[in-house]
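K.L.:
Pasting a structure here, questions to come.
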Amino acid sequence: MYLVVLVLVAMRYITPLALLIFLNFPQGVKTMKVFSNPRPDSPPDGYVGWPLWYHRFTLVHNKRFGWLYIVEIIVLVNPEEDETEYLLSTEANRTHLRDSLQQMEKKDGYVYVDDDR
């Protein structure tokens, strides 16, 4: 997950604010340490949800990762921004929009439905 975010930021497909998820990186390292060791034979004292030893660590990591991603979206959403302005805001967006418009003009990829049945 983290590598994908780094690549997308480097390619300027997503904003550098996406790096906010790296606040969860220590939890990811902790989770990987747990995964790299064999499961204990019995639960540690006070451990809840025993047979799912690995599952608990994964849930904690994914929950924190997800919340950081949601915070990023909340910070980035600008209700005042025009949709066209957003679509033209980056080179990647402009290229994608131009390619989509060209595909629409070709009309060879359309599926027509006969509704006279």
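K.L.:
Within the set of pairs 6 or more residues apart or between chains, which connect a residue that is within 16 Å of L101 (Cβ to Cβ) inside region 78-89 to a residue that is open to solvent by 100 Å² or more (accessible area, probe 1.4 Å) with Cβ atoms less than 9 Å apart?
P.N.:
L87/H96
K.L.:
Could you grab me the full set of residues in region 76-117 that are open to solvent by 100 Å² or more (accessible area, probe 1.4 Å) and hydrophobic (A, V, I, L, M, F, W, C)?
P.N.:
M104, V111, V113
K.L.:
Now for a different question. Based on what the data block shows, is V75 assigned to a helix (DSSP H, G or I) and modelled with pLDDT under 85?
P.N.:
yes
K.L.:
Could you please find all residues in region 75-117 being farther than 21 Å from V4 by Cα, out of contact with any helix residue (DSSP H, G or I) (no Cβ under 8 Å at 6 or more places or on another chain) and aliphatic (A, V, I, L, M)?
P.N.:
Within region 75-117, V77, L101, M104, V111, V113 meet the criteria.
K.L.:
Exactly one of (1) assigned to a loop (DSSP other than H, G, I, E, B); (2) without any contact (Cβ under 8 Å) to a residue 12 or more places away in the chain; (3) under 23 Å from E91 (Cβ atoms) is unmet by P38. Its number?
P.N.:
(3)
The values are calculated or read from the model by the stated rules, or taken from the named source; none is laboratory data. Computed from a predicted model, the values in this text were never measured in an experiment. Neighbour counts are summed over all protein chains in view; Cβ atoms, including those assigned to glycine, are modelled from backbone coordinates with ideal geometry. In case anyone asks, the SASA skips ligands and DNA or RNA and just uses the protein heavy atoms, side chains included. Shrake-Rupley method; radii C 1.70, N 1.55, O 1.52, S 1.80 Å.
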